[in-house]
Every structure is written in C-alpha cells, then in structure tokens.
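Heads up, the thing below is written out as structure tokens.
The values are calculated or read from the model by the stated rules, or taken from the named source; none is laboratory data. These numbers come from a predicted model, not from an experiment. So basically every Cβ, Gly included, is an ideal-geometry build from the backbone, and we count neighbours across all protein chains shown. Heavy atoms of the whole protein, side chains included, go into the accessibility calculation; ligands, DNA and RNA do not. Shrake-Rupley method; radii C 1.70, N 1.55, O 1.52, S 1.80 Å.
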Amino acid sequence: MLVLDSYCGISCKILNLNTGTEIRQYGREIARHFINNWSPIMIGGGVYAYTMLGIDYNEDTGEARYLILDPHYTGSDNIKTVIDKGWCGWKTSALFKADHFYNLCMPLRPG
C-alpha cells in the first residue's frame, strides 16, 4: 500500500479480516469495489498471498465465488496449464482458512 501511494499516487482501502470466514460478510463490498474501481485486490495474511481478479456475487443469497490468481506461478506462459492446474480460477470462501487472518489491499481509482 505504501509503495502504491508513495510511488504511483494510488490510494488503497485495506480490509482486515481476523479470520478467513469473515470474507463471507464482505461479498457486497468486494463486488462494489470491482464495479467502481476496476482494480484487482491483493490479498496477504497468515498463510499465503493471492490476487483477486473478480467476484461472482449473488445478491439474493449472499453467496460468492472469487476469481483468484496465484502470483507464485513460475511456469511457462501456457494458459491451459495455468487454468488446469488451479493457478487461476473460481474459488469458494473455503479458500480462506478460518484459523488465519487476511488483509485485502483494494486500490482505489483516482477521481
């Protein structure tokens, strides 16, 4: 966040989750972020780091699936491998472990 703000002039909102299960409470807010800011969400915390590229949020049920890119992939630029091996794909809230914390860095569009 400091680098984005200091070097790029991009402000961010930080969403702190004490446990992974809290992600379910923020589906609407995350969906609004993508609608209003069009920027990926960087996720870090007690386990691993991910990049959230999108959300499939159901307004009626509150259920959500998250389009997750794993930034640790180091193979060839083969989209089939990236998708087939799960480096990028739709994930449920089960990805976020109940016994770990997460910080979501949500870059804000200038204006």
Legend entry - For Ile79, solvent-accessible area (1.4 Å; no DNA, RNA or ligand), Å²: 120
Inset, instruction - Two decimals is fine: what's Rg over Rh for the chain, C-alpha atoms, Kirkwood radius as Rh? - result: 0.97
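Do any GluC sites (Glu not before Pro) in the range 18-111 lie in a loop, going by DSSP, with at most 12 other beta-carbon atoms within 10 Å of their beta carbon, and if so which?
Glu59
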Legend entry - Amide H contacts under 5 Å for Leu108, placed H, 5+ residues apart: Ser11, Cys12, Lys13
Inset, instruction - Please give the solvent-accessible surface of Phe96 in Å², to the nearest 10, using a probe radius of 1.4 Å with every protein chain present. - result: 10
Legend entry - Stretch gain in nm, segment Asn16-Ser76, where the contour uses 0.36 nm per residue and the Cα spacing is subtracted: 18.2 nm
Inset, instruction - Taking all protein chains together and a probe of 1.4 Å, list Lys13, Lys85, Lys91 from the most accessible to the least accessible. - result: Lys85, Lys13, Lys91
Inset, instruction - Choose one of Ala98, Ile35, Gly62: the residue whose Cα lies farthest towards the positive end of the charge dipole of the range 33-107 (beta-carbon charges +1 Lys, Arg; -1 Asp, Glu; about the Cα centre). - result: Ala98
Inset, instruction - Provide Val82, Val47 ordered by accessible surface of protein heavy atoms (probe 1.4 Å), highest first. - result: Val47, Val82
Legend entry - Nearest-10 value in Å² for the accessible area of Ile55, using the 1.4 Å probe: 30
Legend entry - Solvent exposure, largest accessible area first (probe 1.4 Å, DNA, RNA and ligands not counted), of Asp84, Asp99, Asp60: Asp60, Asp99, Asp84
Legend entry - Eligible lysines near Lys80 by straight Cα distance, threshold 25 Å, same-chain separation 8 or greater: Lys91
